[in-house]
1. Run the numbers on the stretch 12-160 and let me know its relative contact order in percent, using alpha-carbon pairs under 8 Å that are six or more apart.
2. With the dipole of the stretch 104-173 worked out from charges on the C-beta (+1 for Lys and Arg, -1 for Asp and Glu) around the Cα centre, which of Val165, Phe140, Ala155 lies farthest toward the positive end?
3. Counting alpha carbon pairs within less than 8 Å and at least 6 residues apart, what relative contact order, in whole percent, applies to the stretch 11-81?
4. Label Asn35 and Asp125 with points 7 Å out from Cα along Cα→Cβ: what is the distance between them in nm?
5. If I take all pairs of Cα atoms in the chain, what percentage of them are more than 33 Å from each other?
6. Relative contact order for the chain: what percent, with Cα pairs under 8 Å and sequence separation of 6 or more?
7. With respect to the cross-link table entries Lys29/Lys212; Lys5/Lys212; Lys177/Lys234; Lys6/Lys234, which display a Cα-Cα separation exceeding 29 Å?
8. Could you line up Arg104, Arg94 from fewest to most neighbouring Cβ atoms inside 10 Å?
Amino acid sequence: MARRKKIYEGKAKILYEGPEPGTLVQYFKDDATANNAEKRAVVEGKGVLNNRLCEFFMNGLTQIGVPTHFIRRLNMREQLIRQVEIIPLEVIVRNSAAGSMAKRLGMEEGASLPRPIVEFSYKDDALGDPLVPEEYIIAFGWATQQDLDDIVSLALRVNDFMSGVMFGVGIKLVDFKIEIGRVWDNEFMRLVVADEISPDSCRLWDMETGQKLDKDVFRRDLGSLTDAYTEVAKRLGVMPSNVTHRPKPTLIN
Ligand code: TMP
């Protein structure tokens, strides 16, 4: 069997060379990590759920005109994506205080913020992805001021889309992380949403009960991560119910 060339292996995904130049295949693993990989487990089915959910979110973004690296889902665990030059930043949007922000500022988790707040972390596992101000980003040349303005506006559009989609199924989008890539068309550069959008990279709380339906279930030992992600997928009509219930063939007399 022909072997594909592995381009990169991260904590939750593997990138392989794609079928055409400028494309990659993104494979979703079942591995879950937390606290910069101090805590690890294999969560059966997580990769399949995240592949489907990511497809759903990326397709929705494309339909409302937000550019992404996503081309199409290939199978249960893989999607075809455009090769991009990843900007080494985690772009985090927060609607309510939670996680590291709540801890840093001594805020109660769930406290609402006066407006969505966009913040940046420098992508470096060895340093624990430290929060960085815009000054650092520009001074160190990771992105220009124009890039940052465009990134903030992309991030806020993703926030509006994701908040609305989640609100429609009774889920509050507390915060999320995205990554941004550069795509070159000759000398013209465009910024696109890259990496993944899934419950691994969002905080999602049930609007009635406050139940967590995201990776905090794993980070904080709150129960089954597969059950939480399956609940999100079911509410969005992504899977598994609509995958297994194909219409029966009808006999034509
Ligand atoms: P934080 O509160 O831990 O800074 O996380 C903010 C959001 O970013 C949360 O939805 C989880 C997500 N996130 C990732 O996707 N990857 C990461 O490495 C980190 C630290 C956070």
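1. Working: 211 pairs, mean separation 24.3, N = 149.
Result for the stretch 12-160 is 16 percent.
2. Val165
3. Relative contact order here is 30 percent.
4. Simple spin-label model gives 1.7 nm for this pair.
5. Working: 5723 of 31878 pairs.
That fraction is 18 percent.
6. On the way: 440 pairs, mean separation 42.5, N = 253.
Here the relative contact order equals 17 percent.
7. Working: Lys29/Lys212 22 Å; Lys5/Lys212 37 Å; Lys177/Lys234 22 Å; Lys6/Lys234 32 Å.
With Cα atoms farther than 29 Å apart: Lys5/Lys212; Lys6/Lys234.
8. Arg104, Arg94
Rule-based calculations on the coordinates, nothing more; no lab input. As the structure is a computational prediction, the values presented were derived from the model and not from experiment. Reconstructed Cβ throughout: ideal geometry from the backbone, glycine too, with neighbour counts over all protein chains shown.
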